[in-house]
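Right, one structure below, let's go through it.
The values are calculated or read from the model by the stated rules, or taken from the named source; none is laboratory data. These numbers were taken from a predicted model, which means no experiment stands behind them. Here the Cβ positions follow ideal geometry from the backbone for every residue, glycine too, while neighbour counts run over all protein chains shown.
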Amino acid sequence: MRILETPFAQKLDQRQVLNEYPRPQMVRDSYLNLNGEWDYCISKDEHCCEYQGKILVPFSPEAQLGGINRIVLPDDFLIYHLVVDLPGGFHKGRLILHFGAVDQEAKVYIDETLVKQHLGGFTPFWIDITDHVGGDRFALKVVVKDLTDTSYRQTGKQRIKRGGIFYTPQSGIWQTVWLESVPDVYINDLTILTDFDSLKVGFRVKTNIDCGHIQANIRIRFNEIEVASQPFTGLGVDVLLDGMKPWTPETPNLYDYELRYGEDLLTGYFGMRKFERRADRKGIMRFYLNNRPYFLTGVLDQGYYPEGLLTNPTDEAMIHDIQTMKDYGFNFLRKHIKIEPLRWYYHCDRLGMIVWQDMINGSTSKDVKFHHFLSMLKIHLNDSWHIFFGRRHKQGRDQYLVELEEMLAHLKNITCISTWVPFNESWGQFHALKVEKFVREFDPTRLVDHASGWADQKGGDYHSRHIYFQKIKFPKKKAKKRILALTEFGGFSMRLDEHSYNPDDIFGYKIFESLNELNKAVRELYEKSIYPEIEKGLSVLVYTQLSDIEDEVNGVVTYDRKVEKINKEMMRQINAYMWTIFYNSLL
């Protein structure tokens with residue numbers, strides 16, 4: 001395989017690895033980043049006699065930037081070790097240790113004492129380690145077990161035998177590890193509730209201990225000008241925002257807040273917006289943003305990088321992907337089977353990019369062709385037949401729900417997320433209607449694409465289809481019940497050899513030999529297949545995909561982000577013209 005790098009890998013400072021504050025909506029002034037070189041060992045048991053070298057955290061052993069270039073197999077243990085020296089004056093009362101993501105099962109030790117076990121390779125976890133740290137120095141050890149795709153656990157697109165639409169596996173720590181120090185009484189969870197129609201924002205806090213009514217105060221600013229200040233006691237407050245500034249992709253207005261709760265001080269941001277499914281004046285179901293019909297044109301975004309796999313090499317790399325798609329005229333991204341670091345969502349919030357968030361897939365089934373074939377025949381099996389969906393193991397179904405709730409809780413305050421996608425193309429799907437109900441009860445403010453693409457159970461807010469090989473056609477009558485959504489299409493492929501990961505193999509739904517042929521085909525696809533469907537009510541488009549990934553060479557840009565394969569000005573014109581068609585269809 002060819003070694004590729006994005007331009008951002010060359011800017012990586014190994015002394016300051018992804019050092020930006022990892023939680024932009026809940027910031028404290030105490031912050032110690034633990035990324036960098038850690039001792040590591042890959043062993044057949046979880047007791048490492050001798051560390052084998054250094055790994056650059058948070059890059060995995062399989063990633064180029066990790067410095068190991070070795071796949072961790074299901075019978076391996078991956079063991080990390082770091083001696084942490086706390087800066088003078090850092091310890092204020094309680095010490096909180098945060099892990100952005102560890103794939104897949106992690107045991108965390110402080111000075112050889114087990115303090116936490118966590119299962120789930122894509123969701124974060126934190127530990128109050130105060131009672132286990134005696135001074136300003138302690139040893140941190142993490143023992144990882146990763147079964148990848150040999151189990152019923154959630155693995156996403158990772159496969160030990162990579163190829164086609166599945167990619168190199170990734171193990172261990174792959175998001176930022178960090179410490180913060182907090183007062184003895186501190187906020188351990190914050191919910192921000194935006195009520196667009198009432199011009200109000202609510203703050204709900206949970207604390208580590210119940211200690212009665214603490215004096216608190218909330219201050220809110222817009223463009224550095226204070227617009228509200230309100231003292232309160234208890235665990236919540238609602239604030240009226242006179243002259244409220246809405247958030248949209250075109251005007252991504254964000255408010256800043258400062259929340260003082262006893263001795264605890266948090267700062268962060270939020271945006272005022274409203275997402276809903278509503279019928280237009282003709283009775284056609286539309287996606288509505290801030291009480292107005294809104295056309296969604298976006299791309300599938302899997303967030304892979306050749307040098308870091310699931311881990312972005314720098315903050316700038318994430319910004320580049322989002323901004324590039326905005327420059328193409330797209331207004332939303334479907335974050336596909338990956339949960340990003342919180343900074344990615346922050347950049348979508350501030351740059352103005354709506355996000356659909358997929359849950360991670362898990363399944364014991366290795367072949368998706370069966371359900372793809374059924375979808376082409378418009379056959380959708382009942383997903384209570386677990387054997388046909390790779391979900392026979394109750395432990396796997398139960399664990400999926402645990403991690404789904406963790407994802408919802410983790411991302412609940414993000415402004416840009418409009419839609420949750422619990423299942424994709426039937427992979428590991430089960431009881432989608434019950435899962436949809438669970439999601440709606442947890443979060444009634446967003447929409448749900450309950451079974452994206454295939455195995456439709458006739459629920460959710462979207463009549464959601466993935467169409468690559470057939471004629472793109474939506475029955476107009478379906479638009480009376482759900483929003484017509486083409487949630488994957490295109491996937492047109494063209495390999496540029498010097499910018500391709502695999503010189504010997506190529507995967508694509510339709511392959512072209514030159515950039516001119518590719519761009520001509522993309523234009524014709526929109527003009528002949530998409531434009532007429534918008535006139536009939538099609539309101540959501542997801543082109544596959546943002547970048548090439550390994551064997552897949554169907555990206556708008558190459559895997560190394562060095563070449564834009566689809567002409568930007570052409571795509572901007574297409575996106576602008578689709579808005580014209582959409583508006584005319586509302587008249």
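Things to note:
- Every test in (1) under 30 Å from Ser30 (Cβ atoms); (2) assigned by TED's automatic domain parsing to the domain that holds Arg334; (3) of a type outside the set (Asp, Glu) is passed by Arg260 save one, and that test is (2).
- Among the residues of this structure, Ile110 counts as one that is under 18 Å from Glu180 (Cβ atoms), touching a helix residue (DSSP H, G or I) at 6+ places or on another chain (Cβ under 7 Å) and modelled with pLDDT of 95 or more.
- Selected residue (only one of Thr207, Thr191 is touching a residue at least 24 places away in the same chain (Cβ under 8 Å), within 26 Å of Asp398 (Cα to Cα), surrounded by fewer than 18 Cβ atoms within 10 Å (Cβ to Cβ) and in contact with a strand residue (DSSP E or B) (Cβ under 8 Å, 6 or more places away or on another chain)): Thr191
- Taking the stretch 532-556 as the range and being in contact with a helix residue (DSSP H, G or I) (Cβ under 7 Å, 6 or more places away or on another chain) and under 30 Å from Gln64 (Cα atoms) as the test, only Leu546 passes.
- Any hit, the stretch 56-73, residues being surrounded by fewer than 20 Cβ atoms within 10 Å (Cβ to Cβ), of a type in the set (Lys, Arg) and in a strand (DSSP E or B): no
- Note on the stretch 176-188: among residues that are under 20 Å from Leu34 (Cα atoms) and among the polar types (S, T, N, Q), the one that is surrounded by the most Cβ atoms within 10 Å (Cβ to Cβ) is Thr176.
- Restricting attention to the stretch 163-175 and to residues that are farther than 21 Å from Leu34 by Cβ and surrounded by 19 or more Cβ atoms within 10 Å (Cβ to Cβ), the residue that is modelled with the lowest pLDDT turns out to be Phe166.
- Residue among Ser384, Ser418 that alone is closer than 22 Å to Leu486 by Cα, small (Gly, Ala, Ser) and in the same structural domain as Gln457 (by TED's automatic domain parsing): Ser418
- With respect to (1) under 30 Å from Phe203 (Cβ atoms); (2) in contact with a Gly (Cβ under 9 Å, 6 or more places away or on another chain); (3) in contact (Cβ under 8 Å) with a residue 24 or more places away in the chain; (4) not in a loop (DSSP other than H, G, I, E, B), the lone exception for His410 is condition (2).
- Among the residues of the stretch 469-506, those that are surrounded by fewer than 18 Cβ atoms within 10 Å (Cβ to Cβ) and closer than 26 Å to Phe430 by Cβ comprise Lys478, Lys481.
- Criterion (crowded, with 21+ Cβ neighbours inside 10 Å, touching a Leu at 6+ places or on another chain (Cβ under 9 Å) and of a type in the set (Asp, Glu)) met by exactly one of Asp551, Asp560: Asp560
- Wholly within the stretch 289-399, strands (runs of 3 or more DSSP E) carrying at least 3 residues that are among the aliphatic types (A, V, I, L, M), out of contact with any Gly (no Cβ under 6 Å at 6 or more places or on another chain) and surrounded by 19 or more Cβ atoms within 10 Å (Cβ to Cβ): 296-301
- For the stretch 53-103, a tally of residues being polar (S, T, N, Q) and modelled with pLDDT of 95 or more returns 2.
- Qualifying residue in the stretch 431-438 (condition: β-branched (Val, Ile, Thr), buried (at least 21 other Cβ atoms within 10 Å of the Cβ), modelled with pLDDT of 95 or more and not in a helix (DSSP H, G or I)): no
- Selection within the stretch 189-216 - touching a Ser or Thr at 6+ places or on another chain (Cβ under 7 Å) and either at pLDDT 95 or above or small (Gly, Ala, Ser) (or both): Val201, Arg204, Ala216
- Flag if Leu266 is over 13 Å from Val201 (Cα atoms) and of a type in the set (A, V, I, L, M, F, W, C): yes
- Trp344 among the aromatic types (Phe, Trp, Tyr), without any contact (Cβ under 8 Å) to a residue 60 or more places away in the chain and touching a helix residue (DSSP H, G or I) at 6+ places or on another chain (Cβ under 9 Å): yes
- Odd one out for His466 among (1) outside any helix (DSSP H, G or I); (2) buried (at least 23 other Cβ atoms within 10 Å of the Cβ): (2)
- Within the stretch 281-334, considering residues that are within 14 Å of the chain's Cα centre (by Cα) and acidic (Asp, Glu), the one nearest to Tyr583 (Cα to Cα): Asp301
- Residues in the stretch 32-50 that are at pLDDT 95 or above, buried (at least 16 other Cβ atoms within 10 Å of the Cβ) and either outside any strand (DSSP E or B) or not polar (S, T, N, Q) (or both): Leu32, Leu34, Asn35, Gly36, Trp38, Asp39, Tyr40, Cys41, Ile42.
- Ile354 vs. criteria of a type in the set (A, V, I, L, M), under 13 Å from the mean Cα position of the chain (by Cα), at pLDDT 95 or above and more than 28 Å from Val27 (Cβ to Cβ): no
- Residue match in the stretch 5-26 (condition: part of a strand (DSSP E or B) and either within 26 Å of Glu406 (Cα to Cα) or not assigned by TED's automatic domain parsing to the domain that holds Glu340 (or both)): no
- Listed conditions (1) without any contact (Cβ under 8 Å) to a residue 24 or more places away in the chain; (2) surrounded by 15 or more Cβ atoms within 10 Å (Cβ to Cβ) are all met by Leu82, apart from (1).
- Filtering Ile79, Ile68 for residues that are over 30 Å from Tyr186 (Cα atoms) and touching a Gly at 6+ places or on another chain (Cβ under 8 Å) leaves a single hit, Ile68.
- Top-ranked residue in the stretch 228-279 [being more than 29 Å from the chain's Cα centre (by Cα) and of a type in the set (Ser, Thr, Tyr); ranked as surrounded by the fewest Cβ atoms within 10 Å (Cβ to Cβ)]: Thr233
- Failed condition for Leu541, given (1) in contact with a strand residue (DSSP E or B) (Cβ under 7 Å, 6 or more places away or on another chain); (2) part of a loop (DSSP other than H, G, I, E, B); (3) of a type outside the set (D, E, K, R): (2)
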